[in-house]
Amino acid sequence: MKTIKDLNIENKKVLIRCDFNVPIKEGKIVDDTRIVGALETINYALEKNAKVILLSHLGRVKEKADLEKNTLAPVAIRLSELLNKKVKFIKTTRGEELEVAINNMNNGDIILVENTRYEDLDGKKESSNDEELGAYWASLGDVYINDAFGTIHRAHASNVGIPNNLRGNSAFGFLIEKEFNALSTLESPDRPFIVILGGAKVSDKIGVIENLVTKADNILIGGGMAFTFLKAKGLNIGKSLLDEDNIEFCKSILEKYPDKIILPIDTAITNEYTNDEEYRIKEINQLDNNEMGLDIGPKTVELFESYLINAKTVIWNGPLGVYEFDKYKINTDHLLEYLVSHNIKTILGGGDIVAASTKAGLKDKVYHASTGGGATLEYLEGKKLPGIEAIK
Ligand code: AMP
């Protein structure tokens, strides 16, 4: 993987596509993790005396009302504090003000350009990878670095259009390098290689199941999605989550790989979707019509552990229960703890399971917690990612 270290950036104008898509409430940044994450690449460019021009999206811009709430202005302030250095914020995505500011830069200066998706107001130019826009942004710099993993599965002007116009002078930043080094261990994993899948919908995970079922030694399935598999086996799942449209898919996977897919054998049930009611543990074939399973049960935990005990590599996507409710997060937490305490090389595949691991204080103890939601899933589906291909 070609990284910023492989390019000569000394004294050059370096365009860095960051992921500053941070949560902002009433003009205040609620969580600056993504800004902190970008510092390593930015600092490296500064050490090399580059002129640093930062680009990022923030939220979605569909109408004029979205402009003010999605300005990157608060990010410029926070970044400036973190770097202890002035960050010049340019309130536009193109035009004279931006060009003059760039032409007047000294080595070691930093500019943050306004939200790239401001361009979406005018015919979705950023999100549809408008050719003219990609060429224009590329014309502002000598070198392009992509360090925004969260949008790597999208073909946008700021992550595909620019490198298309700066061929040979484009590379990845340290964040993307880290993500890929970790995720690519799944190409030839140490075995047994176990996949854990949970979460709500089968439909979101079809591509992942299809791609990983041939590579993994076993797939342990919990969460709401397990119930569609159980229904496909002919069990009564009561009021548990059902993804009706995918019963047939589950059936075909179970028929094709009967020994690979491991399903829950017991479950924590209630009558209502709430944290307030007491739950009961039931065998998986004992559910009544008015009951719903909100977590796996203790026998399933033991069953899953029997597969994990010898595992050398684990990839996990989606919590095994309704982890937003205290009662139904205990088994997800327990198995996270189990993987950490047994030193099993574990990759958490983005989204909710990373949030669960953060809540449990275990995120920094696993081998890798992937930051991309959709991007990580598409990687696990085995798809080619436009942001990677454009630089490759
Ligand atoms: P996903 O985005 O597909 O990873 O789904 C995560 C969501 O799945 C979380 O909001 C969980 O509350 C939900 N979930 C996990 N287990 C269950 C379950 N047994 N019943 C309903 N929802 C669940």
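A few comments on the model shown:
- Residues in the range 134-168 that are more than 22 Å from the chain's Cα centre (by Cα), of a type in the set (A, V, I, L, M, F, W, C) and over 20 Å from Ile110 (Cβ atoms): Ala135 only.
- Of all positions in the range 345-355, at least one carries a residue that is touching a helix residue (DSSP H, G or I) at 6+ places or on another chain (Cβ under 9 Å), polar (S, T, N, Q) and in a strand (DSSP E or B).
- Any hit, the range 290-313, residues being over 25 Å from Lys239 (Cβ atoms), crowded, with 21+ Cβ neighbours inside 10 Å and touching a Lys or Arg at 6+ places or on another chain (Cβ under 7 Å): yes
- Residue in the range 136-159 that is among the aromatic types (Phe, Trp, Tyr), crowded, with 19+ Cβ neighbours inside 10 Å, assigned by TED's automatic domain parsing to the domain that holds Phe20 and farther than 26 Å from Lys62 by Cβ present: yes
- Residue selected from the range 369-392 under the condition surrounded by fewer than 19 Cβ atoms within 10 Å (Cβ to Cβ) and not in a helix (DSSP H, G or I), by the criterion farthest from the chain's Cα centre (by Cα): Lys392
- Some residue of the range 106-115 being in a helix (DSSP H, G or I) and buried (at least 23 other Cβ atoms within 10 Å of the Cβ): no
- Test: Thr346 is in contact with a Leu (Cβ under 7 Å, 6 or more places away or on another chain), in contact (Cβ under 8 Å) with a residue 24 or more places away in the chain, within 14 Å of the ligand (Cβ to nearest atom) and on the phi < 0 side of the Ramachandran plot: no
- Summed over the range 251-286, residues that are among the polar types (S, T, N, Q) and under 21 Å from Val195 (Cβ atoms) total 2.
- Close pairs (8 angstrom Cβ cut-off, 6 or more residues apart or separate chains): touching a residue at least 40 places away in the same chain (Cβ under 8 Å) in the range 123-137, aliphatic (A, V, I, L, M) and part of a helix (DSSP H, G or I) anywhere: Glu126/Leu133; Glu126/Ala157; Trp137/Ala157; Trp137/Ile162
- Any hit, the range 246-259, residues being of a type in the set (A, V, I, L, M), within 15 Å of Gly321 (Cα to Cα) and either in a helix (DSSP H, G or I) or within 16 Å of the ligand (Cβ to nearest atom) (or both): no
- Where strands (runs of 3 or more DSSP E) fall wholly inside the range 131-240, the ranges with 2 or more residues that are aliphatic (A, V, I, L, M) and within 16 Å of the ligand (Cβ to nearest atom) are 193-197, 218-221.
- Counted residues, the range 281-320 - those being in a loop (DSSP other than H, G, I, E, B) and free of Cβ contacts under 8 Å to residues at least 12 places away in the same chain: 1
- Inter-residue pairs, beta-carbon under 6 Å, first within 18 Å of Asp204 (Cβ to Cβ) and in the range 233-260, second more than 16 Å from the ligand (Cβ to nearest atom) and of a type in the set (Ser, Thr, Tyr), 6+ apart: none
- Take the conditions (1) in contact (Cβ under 8 Å) with a residue 60 or more places away in the chain; (2) crowded, with 17+ Cβ neighbours inside 10 Å; (3) within 20 Å of His156 (Cα to Cα); Arg60 misses just one of them, which is (2).
- Some residue of the range 330-349 being modelled with pLDDT under 95 and surrounded by fewer than 22 Cβ atoms within 10 Å (Cβ to Cβ): no
The values are calculated or read from the model by the stated rules, or taken from the named source; none is laboratory data. Here the structure is a predicted model, which is why all the values come from computation and not from measurement. All Cβ positions, glycine included, derive from the backbone under ideal geometry; neighbour counts span all protein chains shown.
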